[in-house]
Structure formats: structure tokens, C-alpha cells
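Down below is the structure, laid out as C-alpha cells.
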């Protein structure tokens with residue numbers, strides 16, 4: 001399901017190559033509505049590139065890193081060379097997982113007697129609460145209906161989602177997210193917060209990927225991708241603990257929240 005929003009700088013995005021020229025390639029972003037980007041020849045691969053078509057072709061699916069966004073011009077600069085094989089495989093798997101989740105939502109809605117008009121809203125609600133729609137199904141498969149307590153979702157729908165999740169979830173990459181509110185009144189507070197986020201993002205955990213993004217002061221999102229839910233939850237807890245510990249050790253404060261709806265601005 002394509003989003004109306006824009007990606008963030010530093011995000012990894014799945015792209016469909018539309019047009020290859022002598023100086024780069026124009027692509028369509030698969031996860032975003034009516035969003036196109038450009039990969040300059042200097043961002044195709046490390047080193048000198050003579051012919052762009054030696055490395056990329058029309059119709060190819062590629063994973064790129066977002067370098068810059070100009071919303072006024074509707075322009076997105078992308079890099080192909082800044083994506084390693086691990087990041088590529090992880091992103092492709094997550095993208096495929098979201099496609100599965102969209103299909104599972106349709107099946108869940110039909111089984112519960114709901115129309116398709118409710119699917120898109122629920123899909124993006126899951127994205128905001130769990131980091132991805134697939135993550136909502138992953139948690140439903142593990143924890144059952146209780147994972148949706150207090151979210152205002154119809155009980156018939158939650159039962160259907162849990163049933164579909166437990167029928168379909170297999171071993172795959174899991175994506176979850178949590179939020180930390182970090183505050184410092186120190187003169188160098190910006191640097192302290194930056195280093196606290198670095199303590200979270202640079203946590204050394206094999207087979208797990210950690211990304212930290214800005215949501216809105218004082219809130220930051222910690223996103224974890226791991227082979228299974230248990231591992232992802234463990235890494236998320238460690239990463240958030242690292243950032244909060246750094247803040248308190250340097251005179252600041254930090255609060256962790258698993259879901260954004262429970263965070264008070």
C-alpha cells in the first residue's frame with residue numbers, strides 16, 4: 001500500500017527503474033504515491049562509471065538510500081552505491097512483508113465482514129503504532145488479541161487478524177519500533193542528545209539492524225529489524241536503555257514508550 005507521505009533522508013527505499021540516461025537513472029518509489037527520484041551517475045557505484053547501463057537497467061527493482069528531498073520541486077536524490085548487500089536484502093524482505101500484510105488485512109476484513117474502505121486506515125494505523133503493518137501481524141501471532149487492547153479496533157476484526165496471523169506468519173525478518181523522549185537543559189544539550197542517539201544506533205547486535213529517526217522534539221523513533229520477534233524486542237530494549245542511560249549520566253532525562261499513542265507531548 002503506497003503512502004502519500006515523503007520518505008526521510010537516510011531511509012532505504014525500493015525503486016523501479018523507469019529511465020536510464022548517460023548521466024543517471026530516473027526511478028519510481030514503490031512505497032510512495034507519485035514519488036520519483038534520480039540516481040546520479042556518481043551514486044551508481046563507487047569509482048568511475050563509464051556506462052550507466054552496465055550497472056542498472058529499465059524495469060529493474062533496486063534498493064536506494066535517500067540523500068536529499070526537495071518537496072517544492074518534487075525531487076528526491078538517491079544513492080545506489082550507499083546500500084550494501086545486507087541492507088538490500090533486509091529492505092526487500094521488509095517490502096515483501098508489507099505486501100503480505102496488506103493482503104492479510106484484506107482477508108481479515110472479509111472474514112470479519114468489513115469492507116475494503118476500512119483497510120487503508122487500519123494499515124496506516126498499524127504502521128504508526130507498530131512500525132509496520134507486518135509487525136502488527138507478527139505481534140498478533142505471538143501475543144494474541146491482547147496486543148490490540150486499548151486501540152479501539154473492533155473485536156471481530158482483532159480475532160480475524162490473530163487467526164490470519166497465526167495461519168501465515170513464518171520465519172522472516174521482524175520490524176518493530178519504539179519511541180524515546182530525550183531532554184537536556186545543558187548548554188551542550190544538542191550534542192548530548194546526539195550522542196545518546198548514537199549509543200542506541202550503534203548497539204552491536206548480530207543479525208539486527210537499528211535505525212534512529214527524528215519524529216518531533218523531544219521524540220525520536222528507534223526502529224529494529226531482526227530475524228524474530230523475541231530478538232527484535234530484546235534489541236529495542238537495549239538500544240532505548242543505552243540512550244536513556246547516556247542522558248541521565250549527562251544530566252538529562254529520557255522516557256521510553258513502546259507505542260506512540262501512549263507518549264504525551
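Here are some notes:
- Residue in region 61-71 that is surrounded by 13 or more Cβ atoms within 10 Å (Cβ to Cβ), over 29 Å from residue 210 (Cβ atoms) and in contact with a helix residue (DSSP H, G or I) (Cβ under 9 Å, 6 or more places away or on another chain) present: no
- From the list 152, 144, 178, the lone residue that is at positive phi and touching a residue at least 12 places away in the same chain (Cβ under 8 Å) is 144.
- Matching residues in region 225-243 - criterion: being modelled with pLDDT under 90 and within 14 Å of the chain's Cα centre (by Cα): 225, 226, 232
- Qualifying position, being under 30 Å from residue 87 (Cβ atoms) and more than 24 Å from the chain's Cα centre (by Cα), among 147, 190, 180: 190
- Which listed residue, of 86, 40, is surrounded by fewer than 17 Cβ atoms within 10 Å (Cβ to Cβ) and within 19 Å of the chain's Cα centre (by Cα): 86
- Assessment of region 27-35 against the conditions (touching a residue at least 24 places away in the same chain (Cβ under 8 Å), in contact with a strand residue (DSSP E or B) (Cβ under 8 Å, 6 or more places away or on another chain), loosely packed, with under 13 Cβ neighbours inside 10 Å and outside any strand (DSSP E or B)) yields at least one matching residue.
- Residues being modelled with pLDDT of 90 or more, surrounded by 16 or more Cβ atoms within 10 Å (Cβ to Cβ) and farther than 18 Å from residue 223 by Cα are entirely absent from region 90-98.
- Single residue of 193, 169, 176 found to be buried (at least 18 other Cβ atoms within 10 Å of the Cβ) and more than 27 Å from residue 215 (Cα to Cα): 169
- Of the residues examined, residue 109 is one that is touching a residue at least 24 places away in the same chain (Cβ under 8 Å), surrounded by 17 or more Cβ atoms within 10 Å (Cβ to Cβ), over 17 Å from the mean Cα position of the chain (by Cα) and assigned by TED's automatic domain parsing to the domain that holds residue 163.
The values are calculated or read from the model by the stated rules, or taken from the named source; none is laboratory data. What you see is a predicted model; the values in this text were computed from it and never measured. Here Cβ is always computed from backbone atoms with ideal geometry, including for glycine, and neighbour counts include all displayed protein chains.
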